[in-house]
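To start, the structure under review is shown below, and the notes come after it.
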Amino acid sequence: MITRGHHTCRKDGGTDFVLKNAPFLAIHSPDGNALQPARLQFLGQGYYFWDNNIEMAMLWGKHHYNNDYFIIESKISITEKNCFDLVGNREHMILLTELITWLKSRGHDKSNWEISKCIEFLKQTGMFKFKCIRAVDHLPPKEYIQEAYAFVENNKHFTVLNPKIAICMLKMHGLPLQTKKLVYES
């Protein structure tokens, strides 16, 4: 599958610098100190994109970059071999659930194995061979309304046709990016 990834970033350095160097690394450092506060990333350290969702990229820029940002769009090639897909691959979802359960049962020193902790642990052990991770965030900001669509009338079951899907590329080298262009400037 090829999708459009929207990467929101600061304007620091100007258009040429951003086009040359984007995407930018989102550092995951859970152990903060007086000089450097903790920085937590949902899917661990990596290069983040919104999966074909420029509206979410704009909201991210508004809130995280004081409405002074660029949005870079890249075509991203996602395959079963390169992406740990927590959106569309049920086997990956089951695997992560089983892994978290296993880690907890082994008495590791962390009582909560959030997804970011689990992924960082897997990366450190060398067990994680994927280049990217894809996941849905089910808590929308107030300005970003995820309209629910009923499957049938008079039934509480629904689906969301505009979910907040994040893609986290784990390393710059070998990213499955096919293109890169500036698509929005605040």
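The values are calculated or read from the model by the stated rules, or taken from the named source; none is laboratory data. Keep in mind the model is a prediction, meaning the values are calculated, not measured. With ideal geometry, Cβ positions are generated from the backbone for all residues, glycine too; neighbour counts draw on all protein chains shown.
Here are the numbers:
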{"read-out": "Hey, residue 104 under 27 Å from residue 25 (Cβ atoms) and among the charged types (D, E, K, R) or not", "value": "no"}
{"read-out": "Matching residues, segment 4-45, being part of a strand (DSSP E or B) and at pLDDT below 95", "value": "25, 26, 29, 39"}
{"read-out": "Residue match in segment 114-128 (condition: of a type in the set (Ser, Thr, Tyr), under 30 Å from residue 19 (Cα atoms), part of a helix (DSSP H, G or I) and in contact with a Gly (Cβ under 7 Å, 6 or more places away or on another chain))", "value": "yes"}
{"read-out": "Scope segment 92-116; condition within 21 Å of residue 164 (Cβ to Cβ) and surrounded by 17 or more Cβ atoms within 10 Å (Cβ to Cβ); matching residues", "value": "92, 96, 116"}
{"read-out": "Matching residues, segment 130-186, being loosely packed, with under 13 Cβ neighbours inside 10 Å, of a type in the set (Lys, Arg) and either touching a Phe, Trp or Tyr at 6+ places or on another chain (Cβ under 6 Å) or assigned to a loop (DSSP other than H, G, I, E, B) (or both)", "value": "142, 156"}
{"read-out": "When residues of segment 30-46 are limited to those that are in contact (Cβ under 8 Å) with a residue 24 or more places away in the chain, of a type outside the set (Gly, Ala, Ser) and out of contact with any strand residue (DSSP E or B) (no Cβ under 6 Å at 6 or more places or on another chain), the one surrounded by the most Cβ atoms within 10 Å (Cβ to Cβ)", "value": "45"}
{"read-out": "Residue in segment 141-186 that is farthest from residue 4 (Cα to Cα), counting only those that are among the β-branched types (Val, Ile, Thr) and free of Cβ contacts under 8 Å to residues at least 60 places away in the same chain", "value": "152"}
{"read-out": "Filter result for residue 69 (of a type in the set (Phe, Trp, Tyr), in contact with a Gly (Cβ under 6 Å, 6 or more places away or on another chain) and either touching a residue at least 12 places away in the same chain (Cβ under 8 Å) or farther than 20 Å from residue 134 by Cβ (or both))", "value": "yes"}
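One line per residue, one yes/no per condition, for (1) closer than 27 Å to residue 31 by Cβ; (2) surrounded by 19 or more Cβ atoms within 10 Å (Cβ to Cβ); (3) at pLDDT 85 or above; (4) of a type in the set (A, V, I, L, M, F, W, C):
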position: 48; (1), (2), (3), (4): yes, yes, yes, no
position: 61; (1), (2), (3), (4): no, yes, yes, no
position: 75; (1), (2), (3), (4): no, no, yes, no
position: 78; (1), (2), (3), (4): no, yes, yes, yes
position: 83; (1), (2), (3), (4): no, yes, yes, yes
position: 86; (1), (2), (3), (4): yes, yes, yes, yes
position: 90; (1), (2), (3), (4): no, no, yes, no
